[in-house]
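To start, the structure under review is shown below, and the notes come after it.
The values are calculated or read from the model by the stated rules, or taken from the named source; none is laboratory data. Since we're looking at a predicted model, the values are computed, not measured. Don't worry about glycine lacking a Cβ; one is built from the backbone with ideal geometry, like all the others, and counts go over all protein chains shown.
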Amino acid sequence: MTSTPADVGTRGESRGAAGTEPAAPSAPRRRRTLSSSQWAAVGFAAPLLVYLVLFYAYPLMRNIDLSVHDYTIRAFVQGNAEFVGLQNYVDVFSSSTFPTALWNTAVFTFGSIAFQFTLGLALAVFFKSSFRLSTTLRAMFLVPWLLPLIVSASTWAWMLNSENGIVNSVITAFGGEQINWLTDPDTALLSVTIANIWLGIPFNLVILYSGLQNIPGDVYEAASLDGAGAWRQFWSITFPLLRPVSAITILLGLIYTLKVVDVIWVMTTGGPGDSSTTLAIWSYREAFGTGQPDFSPAAAVGNLLIVIALVFGFLHLRLQHRQEATS
Amino acid sequence: MTERKVWWKTALGLVFTALMLFPVYWMVNVSFTQTRDLRADPPHWFPWDPTFEGYEAVFAQQLPALGTSLLIGLGSVLLTVVIAAPAGYALALLHLRGGRTLNFLLLVAQMIPAVVMAMGFYAVYNNLGLLNTIPGLIVADSTIAVPFGVLLFTAFMSGIPRELLQAARVDGAGAWRTFWEIVMPMSRNSVLTVSLFAFLWAWSDFIFASTINRNGDLIPITLSIYNYIGNNTTQWNAIMATAVVASIPAAILLVIAQRYVAAGVTAGAIKD
């Protein structure tokens, strides 16, 4: 979600570049003003540059530093941690938690995205035809997304409570068996995924809805003159024309879902056992989740997560460039 | 026939919205439920006999946490706008050399998981003595919003007509005066959108609060709820009352600034 305006940047920049053109005729004067305005530009960007170095680059460097040393709490205070090279990474890869966490991350991420996207798209199509109250109802759909994650997560935790949760009470009222949603290793991951799907629907709805707004209405008119029904129109017009927006929505969702900690941590703390532990949760638990902080493996897992996020991130950028090139 | 179809859609829309907002309703419902009824079977679907115990507990215990969150939110808004707006100006209108690279770095910055940043901040703050301090948390929370802010300001400011800026230059206004007297007043809506998101993200943050401020004297509301759950597993009405109170800023913002919310979400994902 933080990454949405990502796209703004590239768009804005291309527009900014185009904006230099009007100044071009007066070339000699431009050179002088450019260099003095270049100083001004650096001056205005300076706070950001300092900020990025101090509060992005430096913490990230410390993070890499953590991952190649053996930091215990004592070494942390005294600052004499032993250099161990890539040993922490080797430990992470050979840990029994690694395959579980990787698998859970994949299930959690792809499960969340698949349902968020499908439901978001269905709702976007539904809300596209305006009807009485449609604007108000669509605005109400934003609520889950604006609530603090900890609020939503604790609400879901109580709803899924084994003995007193509303979900089980409905299930048993219809003659079903009580399900230990959060405490049974078989359903813990499912439970947090359901909560996360709910959280992501608004984001998908909003972006896909505005994507739909950009499809010209006369395409549909022509199609219905040709006798194409709603179903046919969706598959042969809406879906193909929405593909670029869909791709970006899904990738932003991937980048965002990979990082999720709050929801899972509040609902299950990654348990029982490792059954709902994702890579992000694993890293958080090693560093902050127990009484015995173990920063070095946590940092190694974290760096692994960055690599995965960057792969999807670059995919996103490529896609966007291609889209810009074609339009 | 069309008339009937429209009503049918409204009815369906109401059902979907009700389903979607059910957890929110449930949070409010539980917050008013008597403690003795919390474990009733079947559960009380509506608080016929409401109690304000939960809310009394919130106002007795959580006011400092709410104040802390407010302070952190406002601090984060201020820091974000002060850093991002001038940078957006430099990128969009002053043609900063290396602007493309900077834009790219900002995109990458947004992909870094918060848990990784939290560890880095922990290590850095540990040396600087900034652990468990409000300024430390404000800076950390602002990292969620600064890249977003710069990109949004850049996009908006690129659309400001050049003629205006040239006219200002002819009048002898320097870069600073142009920024302060022309660009900033014109960017009011962007400032609002960026502030809104910076505030909401700082207000909702749990990861940074639970890592670099875990032993602070003043903890924000998110961490307070979390600790509350850990200590009082039976008082779910009080927990949910806290959750309701913690959601108030989001609710207010949704009502008064919905336009800016939608603008922020879709800002650039869609080409127009």
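The residue that is nearest to A:Phe288 (Cα to Cα), counting only those in segment A:299-327 that are at the interface with chain B (Cβ under 9 Å from one of its Cβ atoms) and of a type in the set (S, T, N, Q), is A:Asn303.
Where helices (runs of 4 or more DSSP H) fall wholly inside segment A:1-101, the ranges with 2 or more residues that are at pLDDT 50 or above are A:27-52, A:58-67, A:73-78, A:87-94. Within segment A:266-321, being part of a loop (DSSP other than H, G, I, E, B) and charged (D, E, K, R) holds for A:Asp274, A:Asp294.
Within segment B:202-234, the residues that satisfy the criterion of being closer than 23 Å to B:Val81 by Cβ and part of a helix (DSSP H, G or I) are B:Ala202, B:Trp203, B:Ser204, B:Ile207, B:Phe208, B:Ala209, B:Ile212, B:Ile221, B:Thr222. B:Asn29 fulfils the conditions (1) part of a loop (DSSP other than H, G, I, E, B); (2) within 11 Å of chain A (Cβ to nearest Cβ); (3) not hydrophobic (A, V, I, L, M, F, W, C) except for a single criterion, (1).
The condition of being within 30 Å of A:Val260 (Cβ to Cβ) and either touching a helix residue (DSSP H, G or I) at 6+ places or on another chain (Cβ under 9 Å) or surrounded by fewer than 24 Cβ atoms within 10 Å (Cβ to Cβ) (or both) holds for only one of B:Gly174, B:Gly159, B:Gly88, B:Gly98, that being B:Gly88.
Only helices (runs of 4 or more DSSP H) whose full extent lies in segment B:67-176 are considered here, and the ones with at least 3 residues that are within 8 Å of chain A (Cβ to nearest Cβ) and in contact with a Phe, Trp or Tyr (Cβ under 9 Å, 6 or more places away or on another chain) are B:99-111, B:114-128, B:134-157. A single member of A:Leu212, A:Leu208, A:Leu199 is within 24 Å of the chain's Cα centre (by Cα), assigned to a helix (DSSP H, G or I) and farther than 30 Å from A:Asp262 by Cβ, and it is A:Leu212. Here A:Tyr71 passes the criteria (1) touching a Ser or Thr at 6+ places or on another chain (Cβ under 7 Å); (2) more than 9 Å from every other protein chain (Cβ to nearest Cβ) except the one numbered (2). Given the conditions (1) aromatic (Phe, Trp, Tyr); (2) touching a Phe, Trp or Tyr at 6+ places or on another chain (Cβ under 7 Å); (3) under 30 Å from A:Pro293 (Cβ atoms); (4) in contact (Cβ under 8 Å) with a residue 40 or more places away in the chain, and given that A:Phe127 satisfies all but one, which numbered condition is not satisfied? A:Phe127 satisfies all of (1) aromatic (Phe, Trp, Tyr); (2) touching a Phe, Trp or Tyr at 6+ places or on another chain (Cβ under 7 Å); (3) under 30 Å from A:Pro293 (Cβ atoms); (4) in contact (Cβ under 8 Å) with a residue 40 or more places away in the chain except (3).
Filtering A:Val167, A:Val219 for residues that are in a helix (DSSP H, G or I), within 27 Å of B:Gly13 (Cα to Cα) and more than 11 Å from chain B (Cβ to nearest Cβ) leaves a single hit, A:Val219. Per the conditions (1) closer than 19 Å to B:Met111 by Cβ; (2) without any contact (Cβ under 8 Å) to a residue 60 or more places away in the chain; (3) more than 10 Å from chain B (Cβ to nearest Cβ), the sole criterion not satisfied by A:Thr278 is (2).
Listed here are the residues, each with its yes/no results for (1) hydroxyl-bearing (Ser, Thr, Tyr); (2) touching a Cys at 6+ places or on another chain (Cβ under 8 Å); (3) at pLDDT 90 or above; (4) under 30 Å from B:Asn227 (Cα atoms).
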| position | (1), (2), (3), (4) |
| --- | --- |
| A:Val219 | no, no, no, no |
| A:Leu225 | no, no, no, no |
| A:Trp235 | no, no, no, no |
| A:Leu241 | no, no, no, no |
| A:Leu252 | no, no, no, no |
| A:Met267 | no, no, yes, yes |
| A:Ala280 | no, no, yes, yes |
| A:Gln292 | no, no, no, yes |
| A:Arg322 | no, no, no, no |
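Somewhere in segment A:65-79, is a residue within 16 Å of A:Ala280 (Cα to Cα) and touching a residue at least 24 places away in the same chain (Cβ under 8 Å)? Yes, because at least one residue in segment A:65-79 is within 16 Å of A:Ala280 (Cα to Cα) and touching a residue at least 24 places away in the same chain (Cβ under 8 Å).
The listed residues are B:Ser76, B:Ser69, and the only one of them that is closer than 27 Å to B:Ala246 by Cα and touching an Asp or Glu at 6+ places or on another chain (Cβ under 6 Å) turns out to be B:Ser76. Considering only residues in segment A:113-164 that are assigned to a helix (DSSP H, G or I) and under 18 Å from A:Thr187 (Cα atoms), the one that is farthest from the other protein chains (Cβ to nearest Cβ) turns out to be A:Phe115.
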